[in-house]
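Below: one structure, written as structure tokens.
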Amino acid sequence: MTTETILFYIFGGLAVVSALGMVLNTRNTVASALSLVVTMVSLGAIYLLLEAYLVAAFQIMVYGGAIVVLFLFVVMLLNLSTDEFPPGRQRLIKSAFVIAGVAILVQILIALGRDPLLAAQPGAVPEGYGGYRQVGISLYTDYVLLVEMASLLLLAAIVGALILAKRKID
Amino acid sequence: MPIEPIIKILFIFSVMVMGLAPIITWIERKQSAVMQDRIGANRADLNGITILGLLHPAADVIKLMTKEDMVPDGANRVMHMLSPLIAAVPAIMAFAVIPFGGVYVFGDTTLNLVGADINWGLLYIFVLGSIAAYGNVIAGWSSNNNWSMLGGLRASAQMISYEVTMGLTIVGVFMVFQTLRLTDMALAQDSSFRLLGFLDLYLGLDWGWIDWIRVPAWGIVYQPLGFLMFLTAVMAENKRPPFDIPEGESEIIAGYHLEYSGMRFGLFFMSEFIEIILIAALTTTIFLGGWAVPLLSTDTIINGISSVMGAGFATGLCILIHFVTFLLKVIFMIWVQMLIRWSLPRFRYDQVMSLCWKILLPLSIANIFVTGVVLLWVKG
Amino acid sequence: MLAEYAGVLVILVVGVVVACAMLGIHLLLGPRRKFAGKHEPFECGESQIVSPRRRYAVKFYMVAILFVVFDVEAIFFYPWGAIFQDLGWFGFMTMFIFTIPLAIGLIYEWMKGGLEW
Amino acid sequence: MLPMNHVIALSAILFTIGVLGVATRRNLIVILMSIELMLNAVNLAFVGFNRIWSQVDGAAAIDGQIFVLMVIAVAASEVAVGLGILLAMFRNRDSVNVEEVNLLKW
């Protein structure tokens, strides 16, 4: 095992544990949101190990630093600190969901273990892979249209959020 | 594990964090005393020796260490403990990418004086800044105190607002230097250009003295507006006066660290001071030429000394000169921040927010496009 | 590939160890004298009138929305700025067009009073 | 070099956790966070597959990472609008429980 592999398992384990913590924590929604931050940061570290440097930075900046802050704000502003699992009959239905989900996951994992393509080691990356230069050149030549679309999408988000939230809450 | 990064990290950590951070608490006291016509910190003594009040930082640490560790009733104990760590550790970690010297060649080995020479060094600092914002908001939330909660919300709203502005004000520098790596930025500033060079380039005036009027090729020369806006944004991000609304004593007592005592408070306090040093080091590296001596490039220094002393010694001496230059510039920037802090009264919250969204953000975007037009025009 | 980041790992360890050590030494050295009332949340001498677990103004949410949107805008600016001179006028126009909708969004929010406190 | 099948497996596990969060929880905020988790799992798969096909016909390929950037932009917009809807819902119903939102109009 190389250092990178060990780090991958550490961060992967951290991501899974904190993701479970987010979903299973019904007592404290703030703690859920903070677990999500841990997941995001661990995923950022895994992107680093996968040599996607720019994406790793943006993952932590936007997901870890911005999106979860927004969640945290809403949780704190509305004081939504608790929640409970559904009672009675619904619990049965949802347990069925859980069992089905885990069963499908096990299927996928078995299939992944057999896949020859994934079992093969990927070769060395080309020079400058995942750095700002390569990503930027690709983004602003081949995918220019996508960038402009993203900007329109963000405009829609600003306007939509403002209209939905503009009235005072209390 | 290679030994070289460990030595470099321990060096910059001990100089910048452990060495400078206690001293600037002293600088701040003395500076305020000078500006308010007082004598300032001079009481702490060992057998009557006060060393200009330099014992005060040590006294501070002893005091903070021996205070009672308090957690208020109804607080979330785990997060109450965790939030000072979240505030302090990213501030410390940012020093890994600050270059405190250039790239030197000793025979066949090269020495690059930076803890971690990351390709996206500046983004690394932004990443840490976005994580550090959690420290305050969690501190405010976990304390179970109205004032703390308000302070935490104010702190995080202010920090996230200025994070965007901080990022956009610095894009002009990326455009000039064409890199995100702090080492490359500092290397690019290790030169100078002729201030009146356009006279013989465009007008054909062949005067000999034109070569002698030189300006260091620093970021501040290319991006003066960017420098001012960046300094404003990072100072607001650090939440120190005049931007200390999250902890405004007269309104919300002490804000998010109201319920903190002893070293838990000390870590918040320390992280603010570490961030002062970080701001100074960052503005120095990006705008003030980093370790570069004004108008004397590395080659000039090494060639000048090695003609007398020999190449190895010359390089070593050059490293020393560069590090001292860097330290002097950092201390100058710390002093500038102290000057601003003790000169200006506190802003109102709405003023801080409109400064960010209504003034700095449009200005920084305008700065980006003006820089772009000028760069493309100059490059033809 | 990991060699570049060794410094980051080292400083992470150093920072966490030093910060934890400070908290630990403080826990050892500090006195522990508990009595009723001392650990009540500080409220200018009064006992707490309202709990801080209540609802706050929605303005903070508006700031956070703007922050998220402009943070995404900023991440498109960083790589663009760093390769700007290679992209030339084409890149300049790309980013100019990219900025227009966001400027409209900012102005809209400004006009609607989303930036007022 | 990382074991690629484990990277993709991690992505699948995170996605499943996200799905289960959406299916079992009733708090709209946690549901939105689970959706973010699912988007992140997909991002991990994008980055992982991009690492496997880092070169196509000798040229460097970066398309997977571009998609991640786009997903980030989409996720930001989604969160902004989703939480706006949540605020509106909270205002009208005084709750963020999805099961209480069963009317098309109020």
* Please count, across chain B, the pairs of lysine residues with Cα atoms under 29 Å apart that sit 8 or more places apart or on different chains. => 9
* Structure fact -> Diffing the stretch B:203-218: the Karplus 3J(HN,Hα) column from phi (6.51, -1.76, 1.60, θ = phi - 60°), in whole Hz with x for Gly and Pro, holds 9, x, 7, 9, 8, x, 6, 4, 5, 8, 8, 10, 10, x, 7, 8
* Quick one: grab the alpha carbon gyration tensor of the stretch B:1-158, order the square roots of its eigenvalues as a ≥ b ≥ c, and give me rounded if a/c is under 1.5, else prolate or oblate depending on whether a/b is larger than b/c. => oblate
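If you place +1 on the Cβ of every Lys and Arg and -1 on the Cβ of every Asp and Glu, how big does the dipole about the Cα centre of the stretch C:2-112 come out, in debye to the nearest 20?
Numbers: 9 positive and 8 negative charges, 171 e Å.
Dipole of the stretch C:2-112, to the nearest 20 debye: 820 debye.
Mean Kyte-Doolittle of at least -0.5 plus a Cα span of 15 Å or more along the axis: flag which DSSP H helices in chain B meet both, please. List each step's numbers first, then the result.
Details: long enough: B:21-35 (21 Å, 0.25); B:77-93 (25 Å, 1.44); B:121-142 (33 Å, 1.42); B:146-169 (34 Å, 0.30); B:224-237 (20 Å, 1.60); B:262-287 (37 Å, 1.54); B:298-309 (16 Å, 0.77); B:311-343 (47 Å, 1.68); B:361-379 (27 Å, 1.78).
Passing helices, by number: B:21-35, B:77-93, B:121-142, B:146-169, B:224-237, B:262-287, B:298-309, B:311-343, B:361-379.
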* Structure fact -> Averaged over the residues of B:134-143, the number of partner chain Cβ atoms within 10 Å of each residue's own Cβ comes to 3
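To make sure I understand, if each residue's beta carbon is the centre and we count other beta carbons within 10 Å, what order do B:67, C:34 fall in, fewest to most?
Numbers: B:67 17, C:34 8.
The most exposed by this proxy come first: C:34, B:67.
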* Which whole-number percentage describes the relative contact order of chain B, with Cα contacts under 8 Å and a sequence gap of 6 or more? -> 21 percent
* With +1 on each Lys and Arg Cβ and -1 on each Asp and Glu Cβ, and nothing else charged, work out how big the dipole of the stretch D:4-94 is about its Cα centre, in Debye to the nearest 20. => 380 debye
* Structure fact -> Fewest-first ordering of B:359, B:131, B:286, B:49 by Cβ atoms within 10 Å yields B:49, B:359, B:131, B:286
* Give the residue from D:65, D:44, D:89 lying farthest towards the positive end of the charge dipole for the stretch D:4-94; charges sit on Cβ (+1 for Lys and Arg, -1 for Asp and Glu) and the dipole is referred to the Cα centre. => D:89
* Taking the Cα centre of the stretch B:72-379 as origin, work out the dipole magnitude from +1 charges on Lys and Arg Cβ and -1 charges on Asp and Glu Cβ, in debye rounded to 20. => 320 debye
* Asked: Lys/Arg Cβ at +1, Asp/Glu Cβ at -1, dipole of the protein assembly as shown taken about the Cα centre: which of B:228, C:24, B:12 is farthest positive-ward?
  -> C:24
* Built amide H within the under 5 Å cut-off of residue B:214, gap 5+ -> B:195
* To do: Based on other C-beta atoms within 10 Å, arrange B:349, A:129 from fewest to most.
  => B:349, A:129
* For the stretch C:94-106, just list the computed ³J(HN,Hα) in residue order, Karplus coefficients 6.51, -1.76 and 1.60, θ = phi - 60°, integers in Hz, with x standing in for Gly and Pro. => 3, 6, 5, 5, 4, 6, 4, x, 5, 5, 4, x, 5
* In the neighborhood of residue C:100, defined by Cβ-to-Cβ distances under 13 Å, what is the net charge if each Lys or Arg adds +1 and each Asp or Glu adds -1? -> -2
* Which of these, B:271, B:14, B:148, has the largest mean-square fluctuation under a Gaussian network model of chain B (Cα springs below 10 Å)? -> B:14
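Please say if the stretch D:4-94 is rounded, prolate or oblate, where rounded means a/c under 1.5 for a ≥ b ≥ c the square roots of the C-alpha gyration tensor eigenvalues, and otherwise the choice is prolate for a/b larger than b/c and oblate otherwise?
Numbers: a/c = 7.16, a/b = 2.00, b/c = 3.59.
In terms of gyration-tensor shape, oblate.
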* **Extreme residue, positive dipole direction of the protein assembly as shown, given options B:95, B:188, C:94 (C-beta unit charges)** => B:95
* How large is ³J(HN,Hα), in whole Hz, for each residue of the stretch A:93-102 in order, when computed from phi with the Karplus curve 6.51 cos²θ - 1.76 cosθ + 1.60 and θ = phi - 60°, using x for Gly and Pro? -> 4, 6, 4, 4, 4, 4, 5, 4, x, 5
* To do: Please build a GNM for chain B, connecting alpha carbons under 10 Å apart, and tell me which residue among B:162, B:222, B:256 fluctuates the most.
  => B:222
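Read the figures in this text as sums done on the coordinates, not as results from a lab. Since this is a predicted model, take the numbers as computed values, not measurements. Quick reminder, even Gly has a Cβ in these numbers, built from the backbone with ideal geometry, and neighbours come from all protein chains shown.
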